[in-house]
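Since the structure comes first, as structure tokens, the remarks are kept for the end.
The values are calculated or read from the model by the stated rules, or taken from the named source; none is laboratory data. Every value quoted in this text rests on a predicted model; they were computed, and no experiment measured them. We place every Cβ from the backbone using ideal geometry, glycine too, and count neighbours over all the protein chains shown. SASA here: full protein model, heavy atoms, side chains in, ligands and nucleic acids out. Shrake-Rupley method; radii C 1.70, N 1.55, O 1.52, S 1.80 Å.
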Amino acid sequence: MSEAVGLSGDIAERIRGLEAVSRRLEPESGERSMVRDAVVAYAEDFLEGMAQRKTYEIEKEKAGELRASPFDDEGGGIGELLQLVERCVVEPGLNPAAGGHLAYIPGGGIYFSSLGDYLADVTNEYAGVRFAGPGAVEMENMLLDWMAELVGYPPGSGGNLASGGSIANLIAIVTAREAHGLKARHFHQAVVYWTGQVHHCVDKALRVAGLGECVKRFVAMDHRYRMDPAALEQAIAEDRRAGLIPWMVIASAGTTDVGAIDPLEEIGRIARSKGLWYHVDAAYGGFFALVDGCRPKLKGMELSDSIVLDPHKGLFLPYGTGAVLVKDKQALHRAHYYQAAYMQDVVAEESLSVDSPAALSPELTKHFRGLRLWLPLKLHGILPFRACLEEKLLLTRYFHDQVQRLGFEVGPEPELSVAIYRYVPRSGGANAFNEALVQAIHRDGRIFISSTLLEEIFVLRLAVLTFRTHLETIDRYLEILDEKVRTLSGAGA
Ligand SMILES: *Cc1c(COP(=O)(O)O)cnc(C)c1O
């Protein structure tokens, strides 16, 4: 007896000793505000000094200096750490928050999202199951319903706020696999239809979903890189005659290379009449449906069985939010539900669990992504988002027009906010010239762009989707282009 008391006393002593140290993880108000104020001051400097920062810093070696400051038992002060973050993380490489980011498909970083994240992190709301976080789950489902309405889905759809478009596409593909009852023995006969312009993450998602062996049909495109519906119909018929299983057609609402929109309505009609799952990758283009003048171009999205939109692109959110919508919520649920003994209290509320992200996605515990989208939408209202998207469409058309005056050759009139162009020099190879031009722009660093190959032709891309890109950004870029072309032409002559 006395021995047990002695042991307990001993343990209690040790617990108190550990508590004294572990309570450092619960800083008091004074320490909280000291660190918070330093972080906020740094963030303010970053935002206020944006115009003086480069968009692209070619020197990447600074990142390695992080290793010179290893983790230790005692930790350090915030001032020194913010200096490390500035020098090793924020300075090198791309500044994706800058309006000068005009490469790939740019992302966002609207400020109020960061405050939504702050609240989501401080409260640590559990957004995986309705049982634990009814409000958090309700908020995410309300956002998904808002997107479903934008797409034109009828009530009864489901969805998920994932970490990005790649995972959102994966969720759709797994749902399509289960909905069509595809088993391993069918995989090598299952046929997916898409064009050569499909985003690579869709191919990757097929592989991750175990479907790497399925048959991939690259359907012919028209001269504007859009799927040819007649070719699709013919390919499906041929495959069926050959004993294959036409399974899924994937259309793009805004391709990464050129911003092309596949003929969504015609593809939808074909998919329905032939019994294929119809998936639309609208990661880049989907939110342009908020712009009245652009919505007709996206007609046909509503015919899809599943669709992906990327709020960290088209709604200017900081990285970390993609969305998938599935017209038949039950199909999404059948592909992702779960059961476990330790979940019995949750699963007992069956009707509710069908509404829970954990039953509709691969994740259980997840970041409460809803608040970073809900807060800015509620604070700003929808109007500035519509205006910003329309501004981006017009900036792209403006650029497409102006760059021709500088003597550039251009691709077709931009469908969305991507333009392609190249400079054809009087002498010498055009591909080599444009490659050198990209390199010169990267070395300059004020603006960041990317290039692509279209039928072996090296072309430059302009992709306008950062909310901070405005008319002055495009004018500055036009000046830089003009300056670099002169320098390169002079050097090459
Ligand atoms: C960006 C993009 C993706 C991938 O989304 P992530 O959010 O980068 O994972 C997929 N499809 C298209 C068309 C995209 O533009």
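Brief remarks on what is shown
- Qualifying residue in segment 279-295 (condition: over 26 Å from ALA387 (Cβ atoms) and crowded, with 21+ Cβ neighbours inside 10 Å): yes
- Single unsatisfied condition, SER33 versus (1) open to solvent by 70 Å² or more (accessible area, probe 1.4 Å); (2) closer than 30 Å to ARG468 by Cβ; (3) of a type outside the set (Val, Ile, Thr): (1)
- Inside segment 400-413, residues that are in contact with a strand residue (DSSP E or B) (Cβ under 7 Å, 6 or more places away or on another chain) and open to solvent by less than 50 Å² (accessible area, probe 1.4 Å) make up a count of 5.
- Of all residues in segment 293-303, those that are touching a residue at least 60 places away in the same chain (Cβ under 8 Å) and either in contact with a His (Cβ under 7 Å, 6 or more places away or on another chain) or of a type outside the set (Lys, Arg) (or both) total 4.
- Residues of segment 97-118 that turn out to be open to solvent by 40 Å² or more (accessible area, probe 1.4 Å) and out of contact with any helix residue (DSSP H, G or I) (no Cβ under 6 Å at 6 or more places or on another chain), as a count: 5
- Looking across ARG446, ARG486, ARG476, one residue alone is out of contact with any helix residue (DSSP H, G or I) (no Cβ under 8 Å at 6 or more places or on another chain), under 14 Å from GLY100 (Cβ atoms) and open to solvent by 70 Å² or more (accessible area, probe 1.4 Å). It is ARG476.
- Criterion (open to solvent by less than 50 Å² (accessible area, probe 1.4 Å), part of a strand (DSSP E or B), among the hydrophobic types (A, V, I, L, M, F, W, C) and at pLDDT 95 or above) met by exactly one of LEU389, LEU462, LEU371, LEU416: LEU462
- Neighbours by Cβ (under 6 Å, 6+ apart or cross-chain): first from segment 311-332, on the phi > 0 side of the Ramachandran plot; second surrounded by 19 or more Cβ atoms within 10 Å (Cβ to Cβ) and small (Gly, Ala, Ser): PHE316/GLY108
- Checked against (1) over 21 Å from MET50 (Cα atoms); (2) among the hydroxyl-bearing types (Ser, Thr, Tyr); (3) open to solvent by less than 10 Å² (accessible area, probe 1.4 Å), SER451 passes all but condition (3).
- Meets criteria (among the aliphatic types (A, V, I, L, M) and either modelled with pLDDT of 95 or more or open to solvent by 60 Å² or more (accessible area, probe 1.4 Å) (or both)) for VAL129: no
Yes/no per residue for (1) farther than 17 Å from ILE261 by Cα; (2) outside any helix (DSSP H, G or I); (3) open to solvent by less than 50 Å² (accessible area, probe 1.4 Å); (4) of a type outside the set (Phe, Trp, Tyr):
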position	(1), (2), (3), (4)
VAL191	yes, yes, yes, yes
VAL202	no, no, yes, yes
ARG207	yes, no, no, yes
LEU211	yes, yes, yes, yes
ALA231	no, no, yes, yes
GLN234	yes, no, no, yes
GLU238	yes, no, no, yes
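- In segment 433-453, the residues that are in contact (Cβ under 8 Å) with a residue 40 or more places away in the chain reach residues that are surrounded by fewer than 18 Cβ atoms within 10 Å (Cβ to Cβ) and of a type in the set (Gly, Ala, Ser) with C-beta atoms within less than 8 angstrom, at least six apart or across chains, in these pairs: PHE433/GLY492.
- Residue match in segment 99-121 (condition: away from the ligand (no atom under 16 Å from the Cβ) and more than 27 Å from SER33 (Cβ to Cβ)): yes
- Test: residue in segment 119-126 that is in contact (Cβ under 8 Å) with a residue 24 or more places away in the chain, part of a helix (DSSP H, G or I) and either buried (at least 16 other Cβ atoms within 10 Å of the Cβ) or among the aromatic types (Phe, Trp, Tyr) (or both): yes
- Scanning segment 149-189 for residues that are open to solvent by 60 Å² or more (accessible area, probe 1.4 Å), farther than 17 Å from ILE307 by Cα and hydrophobic (A, V, I, L, M, F, W, C) turns up just one, ALA184.
- Taking the criterion of being buried (at least 18 other Cβ atoms within 10 Å of the Cβ) and either among the aromatic types (Phe, Trp, Tyr) or assigned to a helix (DSSP H, G or I) (or both), the residues of segment 132-144 that qualify are ALA136, VAL137, MET139, GLU140, ASN141, LEU143, LEU144.
- Where strands (runs of 3 or more DSSP E) fall wholly inside segment 253-354, the ranges with 2 or more residues that are within 16 Å of the ligand (Cβ to nearest atom) and under 15 Å from ARG226 (Cα atoms) are 277-282.
- Summed over segment 420-438, the residues that are closer than 22 Å to VAL464 by Cβ and not aromatic (Phe, Trp, Tyr) give a count of 5.
- Index of the failed condition, HIS400 passing every other in (1) in a loop (DSSP other than H, G, I, E, B); (2) more than 16 Å from the ligand (Cβ to nearest atom); (3) in contact (Cβ under 8 Å) with a residue 12 or more places away in the chain: (1)
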